[in-house]
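Below: the structure, in structure tokens.
The values are calculated or read from the model by the stated rules, or taken from the named source; none is laboratory data. Predicted model only: the values in this text are computed from it and were never measured. Cβ: placed from backbone, ideal geometry, glycine included. Neighbour counts: every protein chain shown.
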Amino acid sequence: MFGRVLLNWMPGLKSLLAYDRRWLKPDIKAGLSVAAVALPVAIAYAELAGVGAIVGLYSCILPMIAYALFGSSRQLIVGPDATTCAVIAAVVTPLAAGDLELHWQLTIMMTLMMGGWCLLASKFRLGALADLLSHPILSGLLNGVAVTIMVGQLGKVLGIQLNENQLIEKIIALPGQILNSHLLTLAMSALTLVILIVIKRFRSQWPAPLIAIIITTALAWGCSVQQYGILTIGGVGFESGLPVVHWGDFQPGLMRDLVIPALNLALISFVSLMLTARSFAAKNGYEINADVEFRALGMANIMSGLSQGFAISGADSRTAVNDSNGGKSQLVSIIAALVIALVVLFFTQPLKYIPVSALGVVLIYAAWSLMDLRGIWGLRKRNKSAFRLACFTFVCVLLIGVIQGIGLAVLLGLLQFLRTVFRPTEQLLGVNEDGMIHSLGNSHNVKAVPGVMMYRFNSPLTYFNVAYFKRRILNLVDSTPFQPRWVVIDAVASFTYADISVLAAIDELKRDLKVRKVKLVLAGRRTELTRWFKDNRPAMKEEDILLVPDLYLALKLIQSKESALNTEE
């Protein structure tokens with residue numbers, strides 16, 4: 001019993017217990033490749049988050065193992081992510097006010113809170129929240145974060161001080177500081193960029209960031225570049241060995257300022273993870289469970305926080321490396337985590353020679369891959385509302401910051417959704433020469449049925465849009481060139497649950513139509529509607545409103561009644 005419950009909680013473990021030994025060789029190859037890419041990226045993202053380089057490696061080991069056990073995706077690799085690191089820096093930096101120890105403490109606490117939010121969301125089966133950040137919002141967010149990261153790293157790349165906190169202020173200050181660039185630092189940056197571009201051009205399967213960091217680190221160590229003014233990680237407070245955060249002077253009251261940002265971060269990270277996981281699951285022919293993924297993300301972040309790391313998410317670049325190298329199972333994550341653990345235990349000393357400018361170039365290189373302004377521009381012709389939402393998110397992130405920009409974009413997206421529900425599209429229906437029902441205006445062969453107005457309201461009816469629904473039907477009846485004797489409503493599209501306000505409004509609509517000598521017919525959901533009206537409107541007479549199974553039977557019933565009336569006359 002306990003074992004079955006445990007395996008339900010840990011689908012990755014269940015998959016590993018049924019491991020196919022034929023997968024071992026490609027999994028080892030993919031694991032080594034993932035580790036090669038993850039090492040320099042994790043160190044660079046640690047700098048972006050504002051913590052020590054070693055913390056980036058902390059944020060890989062236990063989280064990758066945790067996801068391998070709890071996750072349902074066989075290809076997904078979790079780890080430090082540009083967006084999550086940018087959000088952490090935006091929240092924690094003002095609170096820490098330059099105190100590096102406090103910065104690290106707050107980063108860990110925000111990571112643990114994020115993990116807690118994810119577990120809570122999984123408990124209440126809120127995996128559908130993956131759809132809350134729509135594609136336009138996420139596209140605008142990623143492009144805004146990419147620009148923010150690139151501008152933020154220019155100071156390190158050029159060897160200048162950009163002390164301004166906000167993006168716009170940094171851009172304004174940049175022209176006056178460029179002439180003060182440190183030439184040797186700029187040369188090191190240029191060398192890093194050349195290595196990345198050359199490898200990408202001629203050997204795209206090689207781990208370009210790792211090779212660039214190894215070459216520049218070896219150069220920095222061999223030439224003692226610190227004496228020439230080139231900053232390295234060791235020159236900005238890197239500690240050898242395994243540093244430990246101290247909690248003695250931490251003020252718990254600061255955690256209040258992290259609650260909502262941690263919730264925002266959980267949502268952003270989950271959406272990013274689900275986009276990556278779904279795409280690779282579809283490619284490899286299997287399904288993933290959104291609620292399970294929420295739990296796996298929560299466990300991975302809790303493990304990251306407990307190991308003194310920072311928030312992580314699904315890493316699309318490392319997942320792509322895994323898939324391209326033939327990774328078959330969650331064992332890839334475990335192998336990559338063990339390789340990184342070996343570096344942490346035995347090879348931390350060489351890390352202090354990594355040039356800060358080289359890390360800045362790696363971050364800019366990674367951020368550039370997030371940029372897709374062409375994709376945003378492509379929305380202009382396909383969907384103007386989506387284009388406006390993506391541009392709004394992009395501009396908000398640039399002007400007022402990541403967290404505030406996301407909040408405003410989500411709010412605008414919700415308002416757009418509410419507008420769609422409040423004032424949805426509608427159609428008048430008719431029949432073609434073959435007797436098939438279609439929307440009027442789609443074809444010249446579709447004509448209205450004489451004496452019948454068929455209407456479709458493309459939104460679930462609820463208390464806040466039923467008045468508009470009623471008003472639209474009455475307006476259409478009054479403005480129709482012919483006087484309809486029947487109004488047929490497609491109930492399948494709009495009657496989704498028993499809202500007492502809706503049923504009361506239908507009762508009123510029936511009376512208003514009766515004054516106009518028009519009969520009301522609801523087509524579809526006959527069983528549910530009969531029960532709902534009986535429970536909530538017991539005084540309503542059956543002959544006042546006709547309930548039929550579908551639109552075609554509604555037309556047959558009307559034709560039958562019309563024929564009977566004509567015969568009597």
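Summary table below
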quantity: Condition broken by residue 230, with the remaining ones in (1) more than 29 Å from the chain's Cα centre (by Cα); (2) part of a loop (DSSP other than H, G, I, E, B); (3) surrounded by fewer than 17 Cβ atoms within 10 Å (Cβ to Cβ) satisfied; calculated: (3)
quantity: Any hit, the stretch 99-110, residues being farther than 28 Å from residue 365 by Cα and under 17 Å from the mean Cα position of the chain (by Cα); calculated: no
quantity: Residues that are on the phi < 0 side of the Ramachandran plot and either surrounded by fewer than 18 Cβ atoms within 10 Å (Cβ to Cβ) or of a type in the set (Ser, Thr, Tyr) (or both), drawn from the stretch 450-469; calculated: 450, 455, 458, 459, 460, 462, 463, 464, 467, 468
quantity: Failed condition for residue 447, given (1) modelled with pLDDT of 90 or more; (2) in contact with a strand residue (DSSP E or B) (Cβ under 7 Å, 6 or more places away or on another chain); calculated: (1)
quantity: Among (1) hydrophobic (A, V, I, L, M, F, W, C); (2) surrounded by 20 or more Cβ atoms within 10 Å (Cβ to Cβ); (3) not assigned by TED's automatic domain parsing to the domain that holds residue 554, the one test that residue 412 misses; calculated: (2)
quantity: Qualifying residue in the stretch 215-225 (condition: part of a helix (DSSP H, G or I) and either touching an Asp or Glu at 6+ places or on another chain (Cβ under 9 Å) or closer than 14 Å to residue 313 by Cα (or both)); calculated: no
quantity: Test result for residue 302, surrounded by 23 or more Cβ atoms within 10 Å (Cβ to Cβ) and either modelled with pLDDT of 90 or more or within 30 Å of residue 20 (Cα to Cα) (or both); calculated: no
quantity: Residue that is surrounded by fewer than 24 Cβ atoms within 10 Å (Cβ to Cβ), under 21 Å from residue 128 (Cα atoms), assigned by TED's automatic domain parsing to the domain that holds residue 103 and under 23 Å from the mean Cα position of the chain (by Cα), where the choices are 279, 317, 313, 269; calculated: 279
quantity: Of residues in the stretch 336-364 being surrounded by fewer than 18 Cβ atoms within 10 Å (Cβ to Cβ) and among the aromatic types (Phe, Trp, Tyr), the one farthest from residue 145 (Cα to Cα); calculated: 346
quantity: From 437, 376, residue being at pLDDT 85 or above, in the same structural domain as residue 551 (by TED's automatic domain parsing), farther than 30 Å from residue 57 by Cα and β-branched (Val, Ile, Thr); calculated: 437
quantity: Candidate set from the stretch 130-182 (those that are buried (at least 18 other Cβ atoms within 10 Å of the Cβ) and hydroxyl-bearing (Ser, Thr, Tyr)); member that is nearest to residue 232 (Cα to Cα); calculated: 148
quantity: Index of the failed condition, residue 445 passing every other in (1) part of a loop (DSSP other than H, G, I, E, B); (2) crowded, with 16+ Cβ neighbours inside 10 Å; calculated: (2)
quantity: Selection from the stretch 103-127 of residues that are within 15 Å of residue 265 (Cα to Cα) and of a type in the set (Phe, Trp, Tyr); calculated: 117
quantity: Members of the stretch 504-528 found to be over 39 Å from the mean Cα position of the chain (by Cα) and acidic (Asp, Glu), listed by number; calculated: 507, 508, 512
quantity: Test: residue in the stretch 205-219 that is exposed (fewer than 12 other Cβ atoms within 10 Å of the Cβ) and touching a helix residue (DSSP H, G or I) at 6+ places or on another chain (Cβ under 8 Å); calculated: yes
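This table checks each residue for (1) closer than 25 Å to residue 219 by Cα; (2) in a loop (DSSP other than H, G, I, E, B); (3) at pLDDT 85 or above.
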position: 333; (1), (2), (3): no, no, yes
position: 336; (1), (2), (3): no, no, yes
position: 343; (1), (2), (3): yes, no, yes
position: 357; (1), (2), (3): yes, no, yes
position: 361; (1), (2), (3): yes, no, yes
position: 366; (1), (2), (3): yes, no, no
position: 369; (1), (2), (3): no, no, no
